[in-house]
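**Q** Pasting a structure below so you can have a look.
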Amino acid sequence: MTSSPDDKSWYLAQVKPNGFRIAERNLARQGFETFVPLVDQTRRGRGGFVTRQALLFPGYLFVAFDPAAAGWRAVMSTHGISRLVSTGDTPTAVPPDLVEAIRARCRPDGVLGAPEDLPQGAAVRITTGPFAEFVARVEQMAPDQRVWVLIELMGRKTRIAVPRDGVRPL
């Protein structure tokens with residue numbers, strides 16, 4: 001995940017079904033820089049919760065290229081790529097601030113981390129909903145601006161999701 005030169009812009013490419021790894025490998029082989037943000041997803045499985053990495057934007061990846069050099073035609077013909085997100089006949093660049101903001105929050109392995117103000121394990125006060133005024137510990141930040149917290153109810157720790165604006169640090 002190196003930064004792209006100034007003459008390159010970031011674009012969003014839609015990947016064919018089950019073609020993500022193929023597209024990423026073929027773009028890298030052609031010399032294109034790609035960025036694929038991941039998130040840790042926790043789901044209930046047999047015997048407890050299982051955390052796995054998943055795509056932040058399923059079915060899409062960011063690719064950097066110089067539009068003046070007609071690099072988008074090479075991307076469009078890459079095996080595994082369905083299309084570039086565009087308006088009309090030419091691809092539309094993603095705002096560079098958006099890509100850099102996502103990259104800044106990613107760990108070295110490409111997984112999106114929690115915002116700095118709510119690290120894992122931080123004590124927070126729930127401000128909305130049925131658990132208002134409860135004190136909880138942050139377990140995980142979800143990409144859709146939910147915070148998974150652990151609260152203690154009747155001697156047991158319970159995991160609940162709260163909107164990001166429904167908690168404040170202690």
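**Q** Rounding to the nearest 10 and keeping the result within 0 to 90°, find how far the Cα-based axis of helix 20-29 lies from the longest principal axis of the chain.
**A** Long axis of 20-29 versus the principal axis of the chain: about 50 degrees.
**Q** Of the heavy-atom accessible surface of the chain (probe 1.4 angstrom), what whole percent is carbon and sulfur?
**A** Values: 5440 of 10400 Å².
Here carbon and sulfur together make up 52 percent of the probe-accessible area.
**Q** Any chance you could give the angle, 0 to 90 degrees and rounded to 10, that helix 96-105 forms with the longest Cα principal axis of the chain?
**A** It is inclined by approximately 50 degrees.
**Q** Binned at 10 Å from 0, what are the whole-percent values of the Cα-Cα distance distribution for the chain, short to long?
**A** Percent of pairs per bin, in order: 9, 31, 27, 18, 12, 3, 0.
**Q** Continuing with this model, one more query. If you average the sequence gap of Cα pairs under 8 Å that are 6 or more apart and divide by the length of the chain, what percent do you get for the contact order?
**A** 20
**Q** So, one more: Can you give me the solvent accessible area of Asp109 with a 1.4 Å probe, rounded to the nearest 10 Å²?
**A** Only protein atoms counted, so the area is about 90 Å².
**Q** Let me ask something else. Skip the ligands, DNA and RNA, and give the accessible area per residue of the chain with a 1.4 Å probe, whole Å². Walk me through the numbers on the way to the answer.
**A** Working: 10400 Å² over 170 residues.
Dividing the accessible area of the chain by its residue count gives 61 Å².
**Q** Moving on. Which of the chymotrypsin sites (Phe, Trp or Tyr not before Pro) found in the range 21-79 are in a DSSP loop and have at most 14 neighbouring Cβ atoms, other than their own, within 10 Å? Let's see the in-between values first.
**A** Details: sites: Phe32, Phe35, Phe49, Tyr60, Phe62, Phe65, Trp72; in loops: Phe32.
Passing both the DSSP loop test and the Cβ count: no residue.
**Q** Please list, ordered by chain and number, the residues whose modelled amide H lies under 5 Å from the amide H of Phe65; skip anything fewer than 5 residues away on the same chain.
**A** Ser9, Tyr11
The values are calculated or read from the model by the stated rules, or taken from the named source; none is laboratory data. It should be emphasised that the depicted structure is a prediction, and the values quoted were computed from it without experimental measurement. In this analysis, Cβ positions are derived from the backbone assuming ideal geometry, glycine residues included, and neighbour counts consider all displayed protein chains. Note: accessible area is taken over every heavy atom of the protein model, side chains too, but ligands, DNA and RNA are not part of it. Shrake-Rupley method; radii C 1.70, N 1.55, O 1.52, S 1.80 Å.
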